[in-house]
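Chemist: Quick one: the structure is below, questions incoming.
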Amino acid sequence: MPIPAPHASAASVPSPPMSPPRPLRYFTRVCWVALGALFVFSGLIKLNDPVGTAYKLEEYFEVFAKDISPFFLHFKDAARFLSIFLSSLEVILGVAVLLRWYLRQTLWVLLVLLVFFGFLTFYSAAFNKVTDCGCFGDFLKLTPWASFTKNLVLLGLWGVVFRNQRFLRRTFAPGTMGLMMMTVATALAVGIGMRALGHQPYFDFLPYKVGNSIPQLMKAPEAARYRYTFTRNGETKEFDQFPTDSTWKYQAMTVLNPEKSRPTITDFAVYDLEGNDVTKQILTGNKLIIIVQNSNKADRERFAPINTLLAAAEKSRKHIDVLAITSTSPAKFDAFRHDVNLAVPYYTADATVLKSMVRSNPGLMVLRDGKILAKYHYHDVPNLYDVEKLY
């Protein structure tokens, strides 16, 4: 007679696994989307203006060369390549996170980037070396400490996603489909950056964008308003107007509208070869300006079509004044312009200003009474008809 199997006691019955709380699932997914989206956005903003990103990298290399080792100066020549590579990598990793494509491996690579950028931003903030990290290009300026805080937030998002990967197991595009989508994302990211590198940025966030008036931006939007702090007999009082009562002792003055009382453009100044300020003349009338930021780095092969345009513009019925602006010393620029047959009067300005005005060397800018009508990369030199249509 078969012996019946003993009944299992209540204590020996395994309890069903506890399901994770729903709020944690939702929070993890919010962090996952935010982490991937922020990396994609940050990368695309930099790819919009890879030349500007390269300038920022060069600034970091110069700081590290001075503070750590001159070896970092060797990276300056590779700044544009690194600009495209690092910005594209941000987009690619962001897309990989959103697709959950090899999520664990992707998160480890992200951690390396976050630690690297965290070091840069902390170094900038702690030692006040680079006042803007360029994390979001010129679209959004962040103070050094704000940049470091942003990296800490990203590290927090990363930590939540990494710790709770069990809630993100399903891959949206597995196998060949995932590989194809990542290939497309890579091609698009690199292509966007390479096109912007050879032309003007898709979106210009600088003060010298097309449509802006330089003279207007050199004026403050509104007059400065102040608050004055005075003391008398141990009493401290604030005034909106400077008191006429001489018994009050001045302590401090605070600007109430610092942003609106400061001009957007504060450093635009152009000088002739004798050192005279000719800014007002440059911002008057119709002007076609060729900007040569640095004659040593200018693409000399592009001056043939530029010289053709400049010669035609000098004969235009639109009365277009043709001139060049450079940051190169007169002695060097004289030799340079003879080499490239640049037969126009030239003036000097600050190198940083010229880099902000146009993202190519050389580049062209069309002005009417200081209003920017057009900007051209040396790959996109227009004909005279296109320039005349702007006036």
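The values are calculated or read from the model by the stated rules, or taken from the named source; none is laboratory data. Computed from a predicted structure; not experimentally measured. Here the Cβ is made from the backbone with ideal geometry for all residues, glycine too, and neighbour counts use every protein chain on show. When the accessible area is computed, the model is the full protein with side chains, heavy atoms only, and any ligands, DNA or RNA have been set aside. Shrake-Rupley method; radii C 1.70, N 1.55, O 1.52, S 1.80 Å.
Chemist: Suppose we filter P221, P207, P201, P215 for residues that are touching a Ser or Thr at 6+ places or on another chain (Cβ under 7 Å) and of a type outside the set (G, A, S); which single one remains?
Modeler: Of P221, P207, P201, P215, the one residue that is touching a Ser or Thr at 6+ places or on another chain (Cβ under 7 Å) and of a type outside the set (G, A, S) is P207.
Chemist: Look through the stretch 344-391, keep the residues that are over 20 Å from H199 (Cα atoms) and under 27 Å from the mean Cα position of the chain (by Cα), and return whichever of them is least open to solvent (accessible area, probe 1.4 Å).
Modeler: Only one residue fits best here, namely G370.
Chemist: Among strands (runs of 3 or more DSSP E) lying entirely in the stretch 284-391, which contain 2 or more residues that are of a type in the set (A, V, I, L, M, F, W, C) and within 24 Å of F268 (Cβ to Cβ)?
Modeler: Result: 286-292, 320-326, 363-368, 371-377.
Chemist: Among the residues of the stretch 203-213, are any surrounded by 13 or more Cβ atoms within 10 Å (Cβ to Cβ), within 20 Å of M357 (Cβ to Cβ) and of a type in the set (D, E)?
Modeler: There is at least one residue in the stretch 203-213 that is surrounded by 13 or more Cβ atoms within 10 Å (Cβ to Cβ), within 20 Å of M357 (Cβ to Cβ) and of a type in the set (D, E).
Chemist: Are there any pairs, at least 6 apart or on different chains, whose C-beta atoms fall under 7 Å, with the first in the stretch 257-283 and farther than 20 Å from D369 by Cβ and the second aromatic (F, W, Y) and loosely packed, with under 15 Cβ neighbours inside 10 Å, and if so, which?
Modeler: Sorted first by the residue in the stretch 257-283, then by its partner, the list stays empty.
Chemist: Further, regarding this structure: Out of all the residues in the stretch 107-118, which are in contact with a helix residue (DSSP H, G or I) (Cβ under 9 Å, 6 or more places away or on another chain) and open to solvent by 10 Å² or more (accessible area, probe 1.4 Å)?
Modeler: Selection gives W108, V109, L111, L113, V115, F117, G118.
Chemist: Let me ask another. Take the residues in the stretch 217-239 that are in contact (Cβ under 8 Å) with a residue 12 or more places away in the chain and open to solvent by 100 Å² or more (accessible area, probe 1.4 Å); name whichever of them is nearest to I372 (Cα to Cα).
Modeler: Looking at residues that are in contact (Cβ under 8 Å) with a residue 12 or more places away in the chain and open to solvent by 100 Å² or more (accessible area, probe 1.4 Å), I get K219.
Chemist: Residue check: is G234 at pLDDT below 95, at positive phi and not hydroxyl-bearing (S, T, Y)?
Modeler: Judged against the criteria, G234 is a match.
Chemist: Taking A125, is it open to solvent by less than 20 Å² (accessible area, probe 1.4 Å), modelled with pLDDT under 80, assigned to a helix (DSSP H, G or I) and not aromatic (F, W, Y)?
Modeler: So A125 fits the description; yes.
Chemist: Could you list, in sequence order, all residues of the stretch 58-96 that are open to solvent by 30 Å² or more (accessible area, probe 1.4 Å), in contact (Cβ under 8 Å) with a residue 40 or more places away in the chain and not aliphatic (A, V, I, L, M)?
Modeler: E59, D67, R80
Chemist: Name the single residue, out of those in the stretch 308-329 being open to solvent by 60 Å² or more (accessible area, probe 1.4 Å) and either of a type outside the set (D, E) or modelled with pLDDT under 90 (or both), that is farthest from K389 (Cα to Cα).
Modeler: Of everything passing the filter in the stretch 308-329, T308 is farthest from K389 (Cα to Cα).
Chemist: Continuing with the same structure: Which one of T171, T186 is surrounded by 14 or more Cβ atoms within 10 Å (Cβ to Cβ), in a helix (DSSP H, G or I) and hydroxyl-bearing (S, T, Y)?
Modeler: T186
Chemist: Sticking with this one: List every residue pair whose Cβ atoms sit under 9 Å apart, with the two residues 6 or more apart in sequence or on different chains, where the first one lies in the stretch 167-185 and is under 15 Å from L103 (Cβ atoms) and in contact (Cβ under 8 Å) with a residue 40 or more places away in the chain and the second, anywhere, is surrounded by fewer than 16 Cβ atoms within 10 Å (Cβ to Cβ) and of a type in the set (V, I, T).
Modeler: G178/T171
Chemist: Right, something else. Please tell me if W101 is modelled with pLDDT of 80 or more and not in a loop (DSSP other than H, G, I, E, B).
Modeler: No, not satisfied.
Chemist: Let me ask you something else. Any idea which of (1) surrounded by fewer than 18 Cβ atoms within 10 Å (Cβ to Cβ); (2) under 16 Å from Q200 (Cα atoms) is the one K332 doesn't satisfy?
Modeler: Every listed condition holds for K332 apart from (2).
Chemist: Further question: Identify, please: which residue in the stretch 240-263 is open to solvent by 90 Å² or more (accessible area, probe 1.4 Å) and among the acidic types (D, E) and is, among those, farthest from the chain's Cα centre (by Cα)?
Modeler: Among those residues, the one meeting the criterion is D240.
Chemist: Taking the stretch 193-207 as the search range and keeping residues that are assigned to a loop (DSSP other than H, G, I, E, B) and out of contact with any strand residue (DSSP E or B) (no Cβ under 6 Å at 6 or more places or on another chain), which one is nearest to I282 (Cα to Cα)?
Modeler: If we take residues in the stretch 193-207 being assigned to a loop (DSSP other than H, G, I, E, B) and out of contact with any strand residue (DSSP E or B) (no Cβ under 6 Å at 6 or more places or on another chain), then P207 is nearest to I282 (Cα to Cα).
Chemist: Find the residue count for the stretch 151-166, including only residues that are hydrophobic (A, V, I, L, M, F, W, C), open to solvent by less than 80 Å² (accessible area, probe 1.4 Å) and more than 16 Å from L98 (Cβ to Cβ).
Modeler: 1
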